[in-house]
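*Asks:* Sharing a structure below in structure tokens format, with a few things to ask.
The values are calculated or read from the model by the stated rules, or taken from the named source; none is laboratory data. As the structure is a computational prediction, the values presented were derived from the model and not from experiment. Neighbour counts are summed over all protein chains in view; Cβ atoms, including those assigned to glycine, are modelled from backbone coordinates with ideal geometry.
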Amino acid sequence: MSRISDLRKSYERGELDEASAFAEPLAQFRMWFDQALAAELPEPNAMTVATVGADGRPSTRIVLIKEFDERGLV
């Protein structure tokens, strides 16, 4: 049997440099989404949404994007 640590995958695809990022967030998202589609990543429409409640406790959940346009994500 292999070591469990050998199962690890690297999910690094690059780095985010603020100087080269799009000023418009949805344009940046479009580029990343197109890259994910081109790379044939599994479930490129899945993302983690994180919020913090009034008590200061973080909460995360996985959501699937149904569509997006200039108004935002659905």
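*Asks:* For the stretch 1-28, give me each residue that is over 12 Å from the mean Cα position of the chain (by Cα) and either part of a strand (DSSP E or B) or polar (S, T, N, Q) (or both).
*Replies:* Within the stretch 1-28, S2, S5, S10, S20 meet the criteria.
*Asks:* What's the total number of residues in the stretch 33-50 that are more than 11 Å from the chain's Cα centre (by Cα), exposed (fewer than 12 other Cβ atoms within 10 Å of the Cβ) and not acidic (D, E)?
*Replies:* Selection size over the stretch 33-50: 5.
*Asks:* If the requirement is being of a type outside the set (S, T, N, Q), modelled with pLDDT under 90 and surrounded by 10 or more Cβ atoms within 10 Å (Cβ to Cβ), which of these qualifies: R13, R30?
*Replies:* Selected residue: R13, the only one of R13, R30 that is of a type outside the set (S, T, N, Q), modelled with pLDDT under 90 and surrounded by 10 or more Cβ atoms within 10 Å (Cβ to Cβ).
*Asks:* Among residues belonging to the stretch 51-70 that are in contact with a helix residue (DSSP H, G or I) (Cβ under 9 Å, 6 or more places away or on another chain) and assigned to a loop (DSSP other than H, G, I, E, B), point out the one that is surrounded by the most Cβ atoms within 10 Å (Cβ to Cβ).
*Replies:* Only one residue fits best here, namely I65.
*Asks:* Kindly indicate the residue of the stretch 16-27 that is over 17 Å from D69 (Cβ atoms) and not aliphatic (A, V, I, L, M) and also modelled with the lowest pLDDT among those meeting that condition.
*Replies:* So the residue we want is D17.
*Asks:* Ok, one more. Report every pair of residues separated by at least 6 positions or lying on different chains whose Cβ atoms are under 9 Å apart, first residue within the stretch 29-48 and part of a strand (DSSP E or B), second at pLDDT 90 or above and not aliphatic (A, V, I, L, M).
*Replies:* These pairs meet every condition: T48/T60; T48/R61.
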